[in-house]
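The values are calculated or read from the model by the stated rules, or taken from the named source; none is laboratory data. Bear in mind the structure is a predicted one, so any value in this text is a computation, not a measurement. Glycine gets a Cβ as well: all are built from the backbone with ideal geometry, and neighbour counts include every protein chain shown.
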Amino acid sequence: MSANIQAVRGMNDILPDEAVWWRDFEARVESWLERYAYRNIRMPLVEHTQLFRRAIGEVTDIVEKEMYSWRDELNGEDLTLRPEGTASCVRAAIEHNLLYDGPKRLWYAGAMYRHERPQKGRYRQFHQYGVEALGLEGPDIDAEHIVMCAALWRDLGLEGIRLELNTIGSAEERARYRADLVRHLEANAGRLDADARRRMHANPLRVLDSKNPMVQEVVARAPALMGYLGEESTSHFDGLRRLLAAAGVPYTINPRLVRGLDYYNRTVFEWISDALGAQGTVCGGGRYDGLFAQLGGKPAPATGFAIGNERLIALLRDGARAPAIRPPDAYLLSHGDGTQEYALTLAEALRGAGYAIVQHAGGGSLKAQMRKADASGAWAALIVGTDEVRDGEVSLKFLRKAEPQYRIARAGVVAAFADALQKART
């Protein structure tokens with residue numbers, strides 16, 4: 001006997017009882033995005049591998065260890081399942097010249113893929129909402145993104161999500177900082193792990209991201225990047241802080257926060273919850289002004305962020321009741337020769353008017369069908385027998401209210417059912 005085929009590790013089924021939470025979450029997030037006038041864009045799951053190598057950076061965990069990549073021998077292409085959305089969004093903006101008539105505020109949603117060790121809050125297939133503002137350069141749009149996140153946490157009723165903020169300046173400022181950081185790391189090479197020593201010269205800012213406690217001790221004594229900022233970067237960060245103060249959004253400056261992607265410059269931020277253990281970041285983002293030119297497009301400022309759906313839904317589910325599930329408006333039964341055809345057209349007429357109708361399938365006695373109707377949670381049962389077909393009617397029985405069963409005419413069934421449903425719910 002063959003073994004059962006199960007889902008790939010770290011790629012999870014979302015079953016109906018859990019999908020209730022997802023659909024409620026998605027509806028609330030998309031309503032929030034509409035309030036800020038962001039427009040939806042949809043990019044493919046598969047991109048050329050080089051897109052992510054150029055955008056994210058060769059010496060990053062994502063590119064080195066986590067991408068699902070393969071060679072398409074038929075077309076001679078190196079392809080990758082997208083590990084994040086910003087590179088794809090910028091690629092689409094360049095390819096379709098989206099900024100020809102001015103800046104764009106965009107959002108997207110969907111699955112991302114990283115070959116990581118699955119654990120709570122970290123999966124190989126995970127889902128994000130991404131928000132990008134393309135063509136806008138001031139601290140006002142950075143502030144908008146942070147303020148709108150704070151508004152989302154309020155909308156969702158989530159507490160205890162704190163903001164960590166930093167600025168990593170321009171590429172030139174980071175280059176000056178990098179030289180001093182490398183000297184510091186070289187002087188402490190004996191206390192670095194193999195990964196940090198490997199990155200020390202190729203991409204030393206990634207060492208600041210290390211989770212190794214011994215490496216963190218070395219990093220804590222390293223020079224701070226903020227001390228290398230010029231007037232323009234400092235002014236941008238000061239402007240952002242003034243706007244956040246005006247909006248009443250508290251934050252902590254974390255001088256070691258650099259994010260795990262090479263395309264960031266200036267503002268970077270993370271929203272963190274202590275209720276999720278090690279995987280506490282529920283949202284992160286920042287500015288990436290150089291990415292358009294890096295991918296071959298005309299230079300343009302840009303900033304954005306992504307929220308982790310699985311982690312936020314886990315917070316929503318903690319101690320909360322499941323969102324209400326809309327019960328069917330009616331369960332439609334049929335018994336006797338020629339009744340299924342009549343019942344099918346009746347069900348479609350009611351569905352066309354916007355009602356949720358479960359039509360019984362699988363046969364069975366009228367008594368058995370009534371048990372299923374009651375178990376469905378429907379407000380009413382609609383019964384079609386040979387007498388109803390002959391008379392051009394349908395019988396209606398309330399399932400949640402003690403009222404006598406009666407018939408309504410098939411010709412006026414939509415209006416009559418509307419009246420009956422209002423009565424059933426009062």
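Tabulated results
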read-out	value
Filtered residue count, region 215-234, keeping only those that are in a helix (DSSP H, G or I), without any contact (Cβ under 8 Å) to a residue 60 or more places away in the chain and exposed (fewer than 13 other Cβ atoms within 10 Å of the Cβ)	4
Failed item in (1) of a type outside the set (G, A, S); (2) in contact (Cβ under 8 Å) with a residue 60 or more places away in the chain; (3) under 20 Å from M112 (Cα atoms), with D24 passing the rest	(3)
Test: residue in region 313-325 that is without any contact (Cβ under 8 Å) to a residue 40 or more places away in the chain and closer than 30 Å to T234 by Cα	no
Matching entry among F237, F269 (being in the same structural domain as S88 (by TED's automatic domain parsing), in a helix (DSSP H, G or I), surrounded by 17 or more Cβ atoms within 10 Å (Cβ to Cβ) and among the aromatic types (F, W, Y))	F237
Search result, residues across region 294-314 that are assigned to a helix (DSSP H, G or I) and under 19 Å from L33 (Cβ atoms)	N309, E310, R311, L312, I313
Search result, residues across region 183-214 that are among the hydrophobic types (A, V, I, L, M, F, W, C), surrounded by fewer than 15 Cβ atoms within 10 Å (Cβ to Cβ) and either in contact with a His (Cβ under 8 Å, 6 or more places away or on another chain) or over 17 Å from E58 (Cα atoms) (or both)	A187, A189, A194, M214
First in region 345-368 and in contact (Cβ under 8 Å) with a residue 24 or more places away in the chain, second anywhere and charged (D, E, K, R), Cβ under 7 Å, 6 or more apart	L346/R410; Y355/D329; A356/R326; A356/D329; I357/D329; I357/R351; H360/K372
Qualifying residue in region 104-117 (condition: hydroxyl-bearing (S, T, Y), modelled with pLDDT of 95 or more, surrounded by 14 or more Cβ atoms within 10 Å (Cβ to Cβ) and not in a loop (DSSP other than H, G, I, E, B))	yes
Options L156, L152, L163: the member that is in the same structural domain as R82 (by TED's automatic domain parsing), modelled with pLDDT of 90 or more and in contact with a Pro (Cβ under 9 Å, 6 or more places away or on another chain)	L163
Failed criterion for D419 (all others in (1) under 14 Å from A330 (Cβ atoms); (2) surrounded by 18 or more Cβ atoms within 10 Å (Cβ to Cβ) hold)	(2)
A55 being under 30 Å from P323 (Cα atoms), part of a helix (DSSP H, G or I) and small (G, A, S)	no
Top-ranked residue of region 64-81 - restricted to ones that are in contact with a strand residue (DSSP E or B) (Cβ under 9 Å, 6 or more places away or on another chain) and either in a helix (DSSP H, G or I) or among the aromatic types (F, W, Y) (or both), ranked as surrounded by the fewest Cβ atoms within 10 Å (Cβ to Cβ)	W70
Top-ranked residue in region 369-410 [being over 47 Å from the mean Cα position of the chain (by Cα) and in contact (Cβ under 8 Å) with a residue 24 or more places away in the chain; ranked as surrounded by the fewest Cβ atoms within 10 Å (Cβ to Cβ)]	T386
Some residue of region 82-98 being free of Cβ contacts under 8 Å to residues at least 24 places away in the same chain, over 17 Å from A111 (Cβ atoms) and part of a loop (DSSP other than H, G, I, E, B)	yes
Every residue from region 60-82 that is more than 17 Å from L295 (Cα to Cα) and of a type in the set (A, V, I, L, M)	I62, M67, L74, L81
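Rundown of residues vs (1) of a type in the set (A, V, I, L, M, F, W, C); (2) assigned to a loop (DSSP other than H, G, I, E, B); (3) exposed (fewer than 14 other Cβ atoms within 10 Å of the Cβ), yes/no style:
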residue	(1), (2), (3)
F292	yes, no, no
G336	no, yes, no
L350	yes, no, no
K367	no, no, yes
